[in-house]
Amino acid sequence: MKAAIVGVTGYTGIELVRLIQQHPVLTVGTIHSHTMHEHAKKMYPHLGGFVDQDILPYDAQYIQQENELVFFATPAGISKKLAADFVDAGFPVIDLSGDLRLKDPLTYQEWYQKEAADEALLAKAEYVVPEFTVPQGNLIANPGCYATAAILAAAPILQNDWLAGTLIFDGKSGLSGAGKSLTDSSHYVCASENMTMYKINQHQHIPEILQQLRQWDPTLQHIQFSTSLIPVKRGIFMTLYAPVKRTVTEIDIYQQFLATYEHAAFVRVQPLGKMPELRQVTATNFCDIGLSLNPDTHIVTIVAVIDNLGKGAAGQAIQTFNRWAGLSETAGLLQVPIYP
């Protein structure tokens, strides 16, 4: 299948190109940007010998004529306006932005500070965490990077009704998660040898996480969620502190994580007592998880690490495509992590 990429000049769009190049079924179709229109390898010389085509202006009709699927790797606020052209034609869409993740338009407006997509479009969109959902329709909303790590870390606790307090998430991201636009916090002199917290209690992935976790625990009202930038290029290091019921042991929790992810091709539960490191998952679609229960406080610490451009974005989008297309879930995605 030929896949068009809208927003190809961003980090996530380029990651899609890299992953599609090694996919047994997908091929890179037409590539598009709203603002940058030149030959792909002129803008990205590392694509020489792989992508020999121009970056084109956006044209919905042309995309449908030349491709069989479209990925939107665009910032929030764009796909909500463009996806309807494809949905009306029954053309498959996988959206990597936040525009179609939240079912409540008012929640989107509150957290993204933008007008929401049309309610009819939101009703057709499927929010897909591929470890728990097989997509059924042609409009797929890909989870956010922080949300992916948080949901995979918390799922077994909520699914077993073990929570005995507030979930506290502490997420740390590499700089590619902030996108290409330069800001004070992502400037080299601010980011190098430094760590900064941002969007405390205001990150747009909070309602997305709650929306999914309430599928397993409808009584869940709030979470505590903080995010920081760390001086690495790629990666999410998510730490969850979850108070659990006194009747639950560390072995209970560990065995449940093993059972939950026994058939999850990209979730690797670490041996008990071993916590994962970011470099275990660099440039891959893996999520590695470790845990430890404090016997005094009865708070379980769960660490989930992912590559924010891989499992947190482009890799997960292709994993979801594989499930949607009835292919092996791992098709094109079994890269050995870059090490060291």
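Of the peptides 211-218, 45-52, 155-162, the ranking by mean beta-carbon count within 10 Å, highest at the top, reads 155-162, 211-218, 45-52. At full extension, THR247 and ASP52 could sit 64.2 nm farther apart than now, given 0.36 nm per residue minus the alpha carbon distance. Take the chain, mark every one of the GluC sites (Glu not before Pro) that falls in a DSSP loop and has at most 13 other Cβ within 10 Å, then report the longest stretch left between them, sites excluded. With GluC sites (Glu not before Pro) excluded where exposed in loops, the chain gives 263-340 as its longest stretch.
Please work out how many pairs of lysine residues in segment 2-124 are eight or more positions apart (or on different chains) and have Cα atoms closer than 26 angstrom. Lysine pairs meeting both conditions in segment 2-124 amount to 14.
For trypsin sites (Lys or Arg not before Pro), the sites in segment 244-290 that DSSP calls loop and that have at most 15 other Cβ atoms within 10 Å are LYS245, ARG246, LYS274.
Distance between the pseudo-spin-label points of GLN21 and VAL189 (7 Å out from Cα toward the beta carbon): 3.5 nm.
For segment 258-340, chymotrypsin sites (Phe, Trp or Tyr not before Pro) are listed when DSSP marks them as loop and at most 13 other Cβ atoms sit within 10 Å of their Cβ; the list is empty. Modelled spin labels at ASP85 and PHE132, positioned 7 Å past Cα toward Cβ, are 3.4 nm from each other. Suppose R0 equals 41 Å; then what is the FRET efficiency for LYS114 and HIS263 from their Cβ-Cβ distance, rounded to the nearest 0.05? Computed FRET efficiency for LYS114 and HIS263: 0.60. Sequence-ordered 3J(HN,Hα) estimates for segment 285-300 from the Karplus curve with 6.51, -1.76 and 1.60 and θ = phi - 60° stand at 9, 7, 10, 9, 10, x, 8, 7, 9, 7, x, 7, 8, 6, 9, 8 Hz, glycine and proline given as x. The sum of -39500 (n - 2.57) across all DSSP H runs of n ≥ 4, divided by the residue count of the chain, sets its helix-only mean residue ellipticity at 222 nm to -7500 deg cm²/dmol. How high is the relative contact order of segment 35-118, given as a whole-number percent (alpha carbon pairs under 8 Å, six or more residues apart)? The value is 22 percent. Radius of gyration over Kirkwood radius for the chain, both on Cα atoms: the Rg/Rh ratio is 0.96.
Here each label is just a point 7 Å from Cα along the line to Cβ, and for LYS199 and GLN255 those points are 3.9 nm apart.
The numbers here are math on the coordinates, done by the rules we state, and not lab data. Quick caveat: nothing in here was measured; it's all calculated off a predicted structure. Backbone-built Cβ (ideal geometry, glycine too); neighbour counts: all protein chains shown.
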